[in-house]
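First comes the structure, then the notes that go with it.
The values are calculated or read from the model by the stated rules, or taken from the named source; none is laboratory data. Everything quoted here is computed from the prediction, not taken from an experiment. All Cβ positions, glycine included, derive from the backbone under ideal geometry; neighbour counts span all protein chains shown. Please note that ligands, DNA and RNA were not included when accessible areas were found on the heavy atoms of the full protein model with its side chains. Shrake-Rupley method; radii C 1.70, N 1.55, O 1.52, S 1.80 Å.
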Amino acid sequence: MTGCSSVIHDKNTQTTNLLSDKKASVETIELYQRLSELIPKGILFGHQDATVYGNQWVGDSDRSDVKEVCGDYPAVLGWDIGHLEIGKPTNLDEVSFERMRREIITHHKRGGINTVSWHSNNPVTFSDSWDVSHKYVVDSILSGASCEKRFKAYLDNLTVFFKSLQTEDGTVVPILFRPYHEHTGSWFWWGKDHCSEDSYKALWRMTHDYFTENGVHNLIYVYSPSFEPTKEGYLERYPGDDYVDILGFDIYQYEYDKEAVQYTEMMNAALKTVSEIASERNKLMAVTETGYESIPDSTWWTNVLSPVIDPYPVSYVLLWRNAHDKPNHHYAPYPGHPSESDFKRFASQPRRLFNADIHAEK
Ligand code: BMA
């Protein structure tokens, strides 16, 4: 990054809030400041659902596959609140929201950082995020009719949850919130083929406004399209600097790309483009989702991931989940995994930041 920060400490040690939420809480402003300050030190390692399940375990306490391999928790924990909107007690991957709340608070107290994505159900068809059978869901939400009312009730459920993320002393835990992700693809109802550029931006802004107007001030907004190599493509549906704080993207390696040629090319193109935009707009950047399902390349960490991310001012890299109920659906190693020793090498590289590395920074 470029030495940017969202908080300027003036002579009276007051903080100036440069976040998109002009009423962001002090802890939220400070988290962004802390992320800015960590950029020169390295890249935070993140893992989705890391402390609630992993390879052949689910629901244990104080556990994480990554910790069992390298001795420390990820610095960033990823969570998904899909199904919170419809009032279910568990998310779409059966993580209970009670447990998620506890884990978010615990991780915050141990100095870690939490990010939340949202695989929202389709408010028109009542099916899941991937239901694209109705083409105008976003427009229906924005229509002012019954769907808008229903969707605002979804946002109300999220509001209650975000506000409930409190430590014993009443501090509300700051969250890197990443809604409506991968929207430049068309696999979710908020995707490219299912709404105009203006409708997507309007959905994002409506959501941001709704939360800020309803007293949710612990969110840092993270924008994360899928692969978009050009500035024009990346910014086509960008809701604006006043609505976004961190610029990310989701890119995966796939089985057909065994040598990682395409993955490396895509990552490089996206990292270059997004680092330029981030510098121009004084934003942080992150790799908001990545990985190689089941990590069939035993040296993937040091041969593929490190070399591609290290030249860029990346705040954090989030690896997707290690499903306990889908044998090949894992993106981080566990004890006995073929990439275990390479991950240990990766974790000991100078620019890697895990939980303990950032705890002292808090
Ligand atoms: C996908 C897969 C699914 C999961 C969804 C939401 O990438 O991991 O199994 O339900 O994310 O977490």
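Within the range 201-235, the set of residues being part of a loop (DSSP other than H, G, I, E, B), of a type in the set (S, T, Y) and crowded, with 17+ Cβ neighbours inside 10 Å comprises S224, S226.
Just give me the residues in the range 278-334 being open to solvent by 50 Å² or more (accessible area, probe 1.4 Å), of a type outside the set (D, E) and either more than 16 Å from the ligand (Cβ to nearest atom) or within 12 Å of F45 (Cβ to Cβ) (or both), in sequence order. Result: S279, R281, N282, P296, S298, N303, P307, P311. Residues in the range 335-347 that are part of a loop (DSSP other than H, G, I, E, B), without any contact (Cβ under 8 Å) to a residue 60 or more places away in the chain and open to solvent by 10 Å² or more (accessible area, probe 1.4 Å): G336, P338. The listed residues are I39, I81, and the only one of them that is surrounded by 22 or more Cβ atoms within 10 Å (Cβ to Cβ) and either away from the ligand (no atom under 15 Å from the Cβ) or among the aliphatic types (A, V, I, L, M) (or both) turns out to be I81. Looking only at the range 160-197, residues that are assigned to a helix (DSSP H, G or I) and open to solvent by 10 Å² or more (accessible area, probe 1.4 Å) come to 5 in all. Among the candidates K152, K201, K135, K192, the residue that is in contact with a Pro (Cβ under 8 Å, 6 or more places away or on another chain) and over 28 Å from A50 (Cα atoms) is uniquely K201.
Of all the residues in the range 270-295, those that are among the polar types (S, T, N, Q) and without any contact (Cβ under 8 Å) to a residue 24 or more places away in the chain number 0. Applying the condition of being in contact with a Phe, Trp or Tyr (Cβ under 9 Å, 6 or more places away or on another chain) and over 17 Å from Q48 (Cβ atoms) to the range 88-119 and asking which residue is farthest from the ligand (Cβ to nearest atom) yields R110.
Per-residue answers, yes or no, for (1) within 17 Å of the chain's Cα centre (by Cα); (2) open to solvent by 10 Å² or more (accessible area, probe 1.4 Å); (3) farther than 27 Å from E30 by Cα; (4) in contact (Cβ under 8 Å) with a residue 60 or more places away in the chain:
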site	(1), (2), (3), (4)
K67	no, yes, no, no
P74	yes, no, no, yes
H108	yes, yes, no, yes
G112	yes, no, no, yes
N122	no, no, yes, yes
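Residues that are closer than 17 Å to A356 by Cβ, at pLDDT 95 or above, touching a strand residue (DSSP E or B) at 6+ places or on another chain (Cβ under 7 Å) and among the acidic types (D, E) are absent from the range 80-94.
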